[in-house]
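All remarks here apply to the structure that follows.
The values are calculated or read from the model by the stated rules, or taken from the named source; none is laboratory data. Worth saying up front: this structure is predicted, and the values here are computed from it rather than measured. When we count neighbours, we look across all protein chains shown, and the Cβ atoms used for this are built from the backbone with ideal geometry, even at glycine. What goes into the accessible areas is simple: the full protein's heavy atoms, side chains included, and nothing from ligands, DNA or RNA. Shrake-Rupley method; radii C 1.70, N 1.55, O 1.52, S 1.80 Å.
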Amino acid sequence: MKTVSRAVNLGLLHQHLRSCGFDVAEVEDPAKVLDLTQNIGKPYLTPFSSPEHNDFTQKTALWLVGWQGDEPAFMGCARLEDLGDEGISSYWGRSFGRAYGGVRAGPVIRGVRRDIERGFSGRVVYFGDLFVNPKVRGSRKALRSFVALGHLSVSLKWDPDWTYCFVRERDVLRGASANYGFTQVYPSPFEWVDEPPAPRDRSEWLATLPRQSLDESVEAVVRTISKDLPLGHK
């Protein structure tokens, strides 16, 4: 039943975005991602999302772009991280070290919060590098619809236990984690051993969406946009 309702909500989100002038499509060729990043005006990709740092496949990554005509308006990357029985502190220690220090440079983070270590396991998805073209900023409903559509696409593709990203504190306080569809936030999820490399920031919070909160998070967006949909499609 949930799969059916998720498919319905996916269609409603697509419909709303089209009514606002946006078409959402998956980018299947990672080689095109760097060009799209430049076209959208995004100044960087983190090593977790960059094709220059990852051997992405269609089974392990999902790139979504919201198009406004021929111009990319929204962009986001999801990547599957199937931890199995491995703890998140072990996994993050290895992946952050490779991304920001090199495999022989030693740890770059430490002290993952105990509540995160205890609760964060299984199939997880990093859904980050979310970016809005400055030309279309201000369309909050469209942004929320795009990200909710992304969460549903992630669920239908991988059905993860958790989806997560990192958000700077100033953006958390402005409501970014809620706009991005994440229902739980954790300040100071770990410590950086040294000053974090740009654009990372010591103020970052961990924002998460557990599987059991997905439907409620998406349905909150669908309720918001329902009055904008034509009669008979609500």
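For this structure, a couple of remarks:
- If the condition is being farther than 30 Å from GLY106 by Cβ and either open to solvent by 70 Å² or more (accessible area, probe 1.4 Å) or within 14 Å of the chain's Cα centre (by Cα) (or both), then region 181-216 contributes GLY181, PHE182, THR183, GLN184, LEU209, PRO210, ARG211, GLN212, LEU214, GLU216.
- Within region 81-103, the set of residues being open to solvent by less than 40 Å² (accessible area, probe 1.4 Å), hydrophobic (A, V, I, L, M, F, W, C) and either more than 19 Å from PRO197 (Cβ to Cβ) or not in a helix (DSSP H, G or I) (or both) comprises LEU83, ILE88.
- Residue within region 66-79 that is open to solvent by less than 60 Å² (accessible area, probe 1.4 Å), more than 17 Å from the chain's Cα centre (by Cα) and either aliphatic (A, V, I, L, M) or at pLDDT 90 or above (or both) present: no
- Checked against (1) part of a helix (DSSP H, G or I); (2) in contact (Cβ under 8 Å) with a residue 40 or more places away in the chain, LEU209 passes all but condition (1).
- Within region 151-171, the set of residues being open to solvent by 20 Å² or more (accessible area, probe 1.4 Å) and not aromatic (Phe, Trp, Tyr) comprises SER153, LEU156, LYS157, ASP159, ASP161, ARG168, GLU169, ARG170, ASP171.
- Members of region 125-160 found to be out of contact with any Ser or Thr (no Cβ under 7 Å at 6 or more places or on another chain), free of Cβ contacts under 8 Å to residues at least 60 places away in the same chain and over 20 Å from GLN15 (Cβ atoms), listed by number: LEU130, VAL132, ARG137, GLY138, ASP159
- The listed residues are VAL185, VAL147, and the only one of them that is β-branched (Val, Ile, Thr), modelled with pLDDT of 95 or more and not in a strand (DSSP E or B) turns out to be VAL147.
- Subset of region 151-182 [part of a loop (DSSP other than H, G, I, E, B) and in contact with a Gly (Cβ under 6 Å, 6 or more places away or on another chain)]: ASP161
- Which numbered condition LEU173 misses (of (1) over 30 Å from ASP70 (Cβ atoms); (2) modelled with pLDDT under 90): (2)
- For ARG113: the one exception among (1) open to solvent by less than 20 Å² (accessible area, probe 1.4 Å); (2) closer than 22 Å to THR46 by Cβ; (3) more than 15 Å from the chain's Cα centre (by Cα): (1)
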